[in-house]
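Asker: The structure under discussion is supplied below as structure tokens; questions concerning it will follow.
The values are calculated or read from the model by the stated rules, or taken from the named source; none is laboratory data. Source: prediction; values computed, not measured. As a convention, Cβ positions derive from the backbone with ideal geometry for all residues, glycine included, and neighbour counts pool all protein chains shown. Remember, those area values only see protein heavy atoms, side chains included, never the ligands or the DNA or RNA. Shrake-Rupley method; radii C 1.70, N 1.55, O 1.52, S 1.80 Å.
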Amino acid sequence: MKIYDVLILGGGASALMCAGHLKKSLHVGIVENNAKVAQKLKISGGGKCNITNVEVSSNNFDGEESLVNYALQTFSKDDLLTFLGRNGISPEIRKNRYYFCRDSSDEIINVLKHLAQHVEILLNTTVREVCKHNDLFEVKTSKGTLKTKKLVVATGGKSFKTLGATDVGLRIANDFGLSVKEFTPALVGMTVQPSQFWMKELSGLSCYVHIKVEGKLLKEEMLFAHKGMSGPCILSASLYWKKGNMAIDFLPNDTIFKLINGSKKVLSSVIPLPKRLAKALLDAIDVKDTQCKKLTKEQKEKLQAIHNYAFAPAGNFGFTKAEVSRGGVLSENLNPESLEALHVENLYFIGEVVDVTGELGGYNFQWAFSSAVVCAKDLNKEK
Ligand SMILES: Cc1cc2nc3c(=O)[nH]c(=O)nc-3n(C[C@H](O)[C@H](O)[C@H](O)COP(=O)(O)OP(=O)(O)OC[C@H]3O[C@@H](n4cnc5c(N)ncnc54)[C@H](O)[C@@H]3O)c2cc1C
């Protein structure tokens, strides 16, 4: 039976980047359960894939800081852009922040596939379990057993099952005695409590807000949706929210007291939000939509809630809608400088299967790529 030098489980963003950075002299295989590689890359960002962000730091991630920092230093956003540029891709910046492919995600997929040309890609092959005998890993798949000296688990998270996602990575980690945090949906819309159903009634409206959640301050658009709350700010907030309230500032660029001061208009006319939203919000904070000059001291105090509205999500829209899975293999099991398991020689974990999750805005691909390069550099070393 053939023995691989390196076998990579999963054929997504991190796997392809890792394979493309491996020495050509290594005999490398990728095992992917879909008929094609990189299915999440393909559909992400509306088919144009938000690859990275103008500002990237460990602050944009839920994960162990030193592990994230090491990966970002090893393969930074600038390194990624240089890598893409060298391969003929110059992403465009949208909203002064997000790097997107100009025409389609295929631009980056084709580059990654080209760089992994020397790699044997086994498609339509599902990984079932892994064990280790005599220094070799035995990978049991739907098409038989594969043997390898070094194994990289790049099977991603559990969200979007329709795109081939499974939690096999966590099962493998468990079987080798590594501790894991079960996956939960993240970067996902949030459902609302009956007391806040007024939000659902505004379905289709969006506004720029600031959200404070678990010590983080997020600044982006929020969308009122039929099922609850969505939009970039809520998706990022879902990454940090555990339970209880998050605080929404509906007027982050204004001060309600300055707006009403000396105004002869009714409140909903001076609040620079869509009229329907302004009225519903006043209702929700129990302030009558009256003339500004007639507001009582008590009503003025209540108005402060526009800058600090306590939103208590009921839950979220689940794995079928979540862009990523929070949780994964705990970083305490991994050497940050290689992403090799500390107690299982030659076993590596990269990408979303590791307990590092980025905010919305290209951070998850940046992590997938950075962690892949950390691992590839270690695999290339003569030991
Ligand atoms: C709709 C959507 C939009 C997104 N948009 C963005 C975006 O614009 N920017 C951003 O940064 N992030 C985005 N993400 C998140 C991003 O796609 C992931 O974080 C990233 O792909 C993770 O890379 P990975 O290599 O770890 O895992 P993946 O890219 O998910 O790759 C894992 C691979 O493993 C395969 N696999 C799983 N189980 C098995 C098994 N048992 N046997 C064989 N193969 C298996 C899967 O089929 C998959 O191909 C989006 C995600 C979704 C779902």
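Asker: So in segment 331-360, with the set limited to residues that are over 17 Å from A372 (Cα atoms) and under 20 Å from the mean Cα position of the chain (by Cα), which one is farthest from the ligand (Cβ to nearest atom)?
Answerer: Top of the filtered list is E359.
Asker: Collect the residues in segment 226-260 that are within 25 Å of the chain's Cα centre (by Cα), open to solvent by less than 20 Å² (accessible area, probe 1.4 Å) and closer than 19 Å to K275 by Cα, keeping them in residue-number order.
Answerer: M229, I248, F250 - these are the residues of segment 226-260 that are within 25 Å of the chain's Cα centre (by Cα), open to solvent by less than 20 Å² (accessible area, probe 1.4 Å) and closer than 19 Å to K275 by Cα.
Asker: Taking the options L26, L22, name whichever one is part of a loop (DSSP other than H, G, I, E, B), at pLDDT 95 or above and over 18 Å from A368 (Cβ atoms).
Answerer: Criteria check complete, one pass: L26.
Asker: Let me ask something else about it. Return the residues of segment 73-102 that are open to solvent by 60 Å² or more (accessible area, probe 1.4 Å) and either part of a loop (DSSP other than H, G, I, E, B) or touching a His at 6+ places or on another chain (Cβ under 9 Å) (or both); say none if nothing qualifies.
Answerer: G88, S90, K95, N96, R97, R102
Asker: In segment 256-303, what residues are in contact with a Ser or Thr (Cβ under 6 Å, 6 or more places away or on another chain), closer than 24 Å to A225 by Cβ and not basic (K, R)?
Answerer: Of everything in segment 256-303, just one residue is in contact with a Ser or Thr (Cβ under 6 Å, 6 or more places away or on another chain), closer than 24 Å to A225 by Cβ and not basic (K, R), namely A278.
Asker: Continuing with the same structure: For segment 122-149, what are the residues that are open to solvent by 60 Å² or more (accessible area, probe 1.4 Å) and in contact with a strand residue (DSSP E or B) (Cβ under 8 Å, 6 or more places away or on another chain)?
Answerer: Once the filter is applied, which keeps residues that are open to solvent by 60 Å² or more (accessible area, probe 1.4 Å) and in contact with a strand residue (DSSP E or B) (Cβ under 8 Å, 6 or more places away or on another chain), segment 122-149 yields R128, E129, K132, D135, K140, K143, K149.
Asker: Quick check on my filter: what residues within segment 265-322 are part of a loop (DSSP other than H, G, I, E, B), open to solvent by 30 Å² or more (accessible area, probe 1.4 Å) and free of Cβ contacts under 8 Å to residues at least 60 places away in the same chain?
Answerer: Residues satisfying the conditions are K265, P272, D286, K288, D289, T296.
Asker: Something else: Among N174, N124, N110, which is over 18 Å from the mean Cα position of the chain (by Cα) and assigned to a loop (DSSP other than H, G, I, E, B)?
Answerer: From the options N174, N124, N110, the qualifying one is N124.
The rows are residues; the columns are (1) closer than 20 Å to A71 by Cα; (2) under 18 Å from the mean Cα position of the chain (by Cα); (3) surrounded by 23 or more Cβ atoms within 10 Å (Cβ to Cβ).
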site: D5; (1), (2), (3): no, no, no
site: S14; (1), (2), (3): yes, yes, yes
site: M17; (1), (2), (3): yes, yes, yes
site: H21; (1), (2), (3): yes, no, no
site: L26; (1), (2), (3): no, no, no
site: N34; (1), (2), (3): no, no, no
site: K40; (1), (2), (3): no, yes, yes
site: N50; (1), (2), (3): yes, yes, yes
site: S57; (1), (2), (3): yes, yes, no
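Asker: Something else about it: I need a count of the residues in segment 334-368 that are open to solvent by less than 20 Å² (accessible area, probe 1.4 Å) and outside any loop (DSSP other than H, G, I, E, B).
Answerer: The total comes to 14.
Asker: Could you check segment 150-169 and list, in sequence order, the residues that are touching a helix residue (DSSP H, G or I) at 6+ places or on another chain (Cβ under 7 Å) and surrounded by 24 or more Cβ atoms within 10 Å (Cβ to Cβ)?
Answerer: V152, V153, A154, T155, G156, G157, G169
Asker: Select from segment 1-45 the residues that are out of contact with any Cys (no Cβ under 8 Å at 6 or more places or on another chain) and β-branched (V, I, T) and write down the one among them that is farthest from V354 (Cα to Cα).
Answerer: I3
Asker: Just one of the numbered conditions (1) touching a Lys or Arg at 6+ places or on another chain (Cβ under 6 Å); (2) free of Cβ contacts under 8 Å to residues at least 60 places away in the same chain is not true of A186; which one?
Answerer: Evaluating A186 over (1) touching a Lys or Arg at 6+ places or on another chain (Cβ under 6 Å); (2) free of Cβ contacts under 8 Å to residues at least 60 places away in the same chain leaves (2) as the failure.
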